[in-house]
Structure formats: C-alpha cells, structure tokens
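The structure appears below as structure tokens.
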Amino acid sequence: MVEKFLENPDGCAFEFPGFEGKVSNQEALSLAVSIGIYLENLGLVQGEIVAILHDQSRDAYLAQLALFLHGVPYVIVDQESPDERLSRIHLKVGFKVMLVFGREMVSHGLPVPTASLCIEDLPPVEVPQGHIFPQILCTDLAYIVLTSGSTGEPKAVGITHLNLLCFVDWALRRSRSVRKIPSRR
C-alpha cells in the first residue's frame with residue numbers, strides 16, 4: 001500500500017464529504033507518520049489494541065490508516081455509545097487507549113483511558129526517503145468488529161490483515177465485474 005502511495009504522491013488518497021479538498025497520498029503518509037509518532041509518545045507498541053471513538057470525521061479515517069500502517073489493531077466504537085457499553089467493550093477487548101477527535105471530546109468523562117487526537121495540532125512530518133513502517137504479518141490482527149446480536153452484550157471478532165486483504169481483493173474484482181454489466185434501457 002505504501003509503495004502505491006509513493007508511486008503517485010499527488011494522487012488522491014481520501015476525499016471526504018463536507019471537507020474541502022482531497023488528501024493526497026503524500027499528505028496521508030505524512031499524517032500517518034505524525035500519528036505514529038503521537039502513538040509512540042503515548043507508549044503504544046505494535047499489536048496493542050486502540051479503540052477509536054469514531055465520529056465519521058476526516059481525522060478518524062486518517063487515524064485508521066495510520067493504525068493500520070503501524071500494525072496497531074483497532075476497534076471502532078460509536079461515539080453515541082453510553083459509558084456503560086464503553087466499559088464493557090474495554091473489558092472485552094482490552095484496548096490500551098481510546099482515541100477521540102476534537103478538543104471538545106477531551107473532557108467527555110469516559111470511563112476508560114482516552115487520548116484526544118487533533119490532527120491539526122500535530123507537527124508536519126516529511127516522510128523520510130526509505131521510511132519503513134513496521135513489518136506486519138498476514139496473521140496479525142488488523143481490527144476488531146463488535147457485534148452484539150440479540151443479547152446486547154458486545155462480542156468481538158478479530159479480523160487479520162489476510163482477512164482484510166482477501167476482502168479488498170474480492171471487492172475490487174466485484175466492482176470491476178459490476179461495471180462491465182451493460183445497463184438495461
């Protein structure tokens with residue numbers, strides 16, 4: 001993935017609704033390195049789980065990319081989750097820290113360890129020539145999906161990097177075949 005970004009640094013990595021402009025591949029990698037430094041300063045290491053109190057913001061999606069590239073598995077938690085559910089998820093998954101986005105979330109009063117990530121506050125970082133992200137194995141955990149089924153109790157399902165790669169491969173092949181189907185007019 002990093003190689004593809006570097007091949008086309010001005011290409012569009014992300015385009016967000018409600019956000020003016022696009023994030024280029026170079027900007028996305030630079031932010032991923034900045035976020036990685038931030039995570040290291042929090043004491044996180046590859047393999048430790050992070051929760052993302054997801055608010056559908058540009059910062060939350062860029063944090064997902066950074067976590068993925070640094071080999072830090074994550075679990076996405078709805079920002080509307082009550083504190084009791086957050087505590088149960090924390091016990092079930094064992095994440096070390098929960099990332100929240102925006103300065104107003106710092107005093108949210110969550111019952112779990114939190115760290116506020118304001119991407120605008122991170123110092124800009126040039127991706128050094130030859131920068132190497134940590135080696136990630138296909139069996140390493142990429143992220144955790146939460147499902148509660150009929151009980152309402154959170155259940156955690158781990159998704160490995162290989163699971164994710166196979167899904168993306170399937171989705172790309174599927175999207176190409178769908179585009180080839182002629183419209184019926």
Quiz prompt | Cβ pairs under 9 Å, 6+ apart, first in the stretch 86-98 and closer than 21 Å to GLY43 by Cβ, second in a helix (DSSP H, G or I) | solution = PHE95/ILE89; VAL97/LEU39; MET98/LEU86; MET98/HIS90
Quiz prompt | Residue, farthest from LYS92 (Cα to Cα), within the stretch 1-32, restricted to residues that are out of contact with any helix residue (DSSP H, G or I) (no Cβ under 8 Å at 6 or more places or on another chain) and open to solvent by less than 30 Å² (accessible area, probe 1.4 Å) | solution = SER24
Quiz item: Listed residues ILE35, ILE49; which is touching a helix residue (DSSP H, G or I) at 6+ places or on another chain (Cβ under 7 Å), of a type in the set (A, V, I, L, M), farther than 12 Å from HIS70 by Cβ and touching a residue at least 60 places away in the same chain (Cβ under 8 Å)?
Solution: ILE49
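Suppose the filter is part of a helix (DSSP H, G or I) and more than 13 Å from LEU99 (Cβ to Cβ); does VAL33 pass it? Before you say what the answer is, go through the steps one by one.
Numbers: part of a helix (DSSP H, G or I): yes; more than 13 Å from LEU99 (Cβ to Cβ): yes.
Answer is yes for this residue.
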Quiz item: Looking at the stretch 36-72, which of its residues are within 18 Å of LEU122 (Cα to Cα) and in a loop (DSSP other than H, G, I, E, B)?
Solution: LEU42, GLY43, LEU44, SER57, HIS70
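The values are calculated or read from the model by the stated rules, or taken from the named source; none is laboratory data. Note that the structure is a prediction, hence the values are computed from the model and not measured. Quick reminder, even Gly has a Cβ in these numbers, built from the backbone with ideal geometry, and neighbours come from all protein chains shown. The accessibility values were calculated without ligands, DNA or RNA, using every heavy atom of the protein model including side chains. Shrake-Rupley method; radii C 1.70, N 1.55, O 1.52, S 1.80 Å.
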